[in-house]
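The values are calculated or read from the model by the stated rules, or taken from the named source; none is laboratory data. As the structure is a prediction and not an experimental result, all values here were calculated from the model. Cβ sites come from the backbone with ideal geometry, for glycine too, and all protein chains shown count toward neighbours.
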Amino acid sequence: MPRDYKREYETYHKKPKQKKRRAERNKSRKEMEKKGKVKKGDGKDVDHKNKNTSKGGKNLRVRSKSSNRADNRGKGGRPKKK
């Protein structure tokens with residue numbers, strides 16, 4: 001069954017809490033771009049060390065997409081494989 005993006009947006013991504021969290025993540029990425037630590041299309045993710053997206057500064061680090069996304073399984077991201 002194909003993914004229903006419209007329904008997904010209506011039931012999850014449209015909620016004010018999710019919009020706020022997305023804005024915080026985007027702000028963190030922009031902050032790291034200004035410092036020169038990441039660039040658009042570089043294949044890197046800006047990771048929040050303690051998973052709190054509202055905190056920036058020392059809570060941020062740059063990681064490869066694969067290591068960051070593997071590390072975040074089971075912590076609000078993708079579920080762990082069994």
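Some points to look at:
- Conditions (1) in contact with a Pro (Cβ under 8 Å, 6 or more places away or on another chain); (2) of a type outside the set (S, T, N, Q); (3) modelled with pLDDT of 95 or more: number failed by Lys6: (1)
- Within the range 24-46, the residues that satisfy the criterion of being free of Cβ contacts under 8 Å to residues at least 24 places away in the same chain and surrounded by 11 or more Cβ atoms within 10 Å (Cβ to Cβ) are Asn26, Arg29, Lys30, Glu33, Asp42, Lys44, Val46.
- Identity of the residue in the range 49-68, within 16 Å of Arg22 (Cα to Cα), within 12 Å of the chain's Cα centre (by Cα) and at pLDDT below 90, that ends up surrounded by the most Cβ atoms within 10 Å (Cβ to Cβ): Thr53
- Ser28, sole failed condition from (1) in contact with a strand residue (DSSP E or B) (Cβ under 7 Å, 6 or more places away or on another chain); (2) modelled with pLDDT of 95 or more: (2)
- Note on the range 1-42: residues that are more than 25 Å from Ser64 (Cβ to Cβ) and of a type in the set (A, V, I, L, M, F, W, C) amount to 1.
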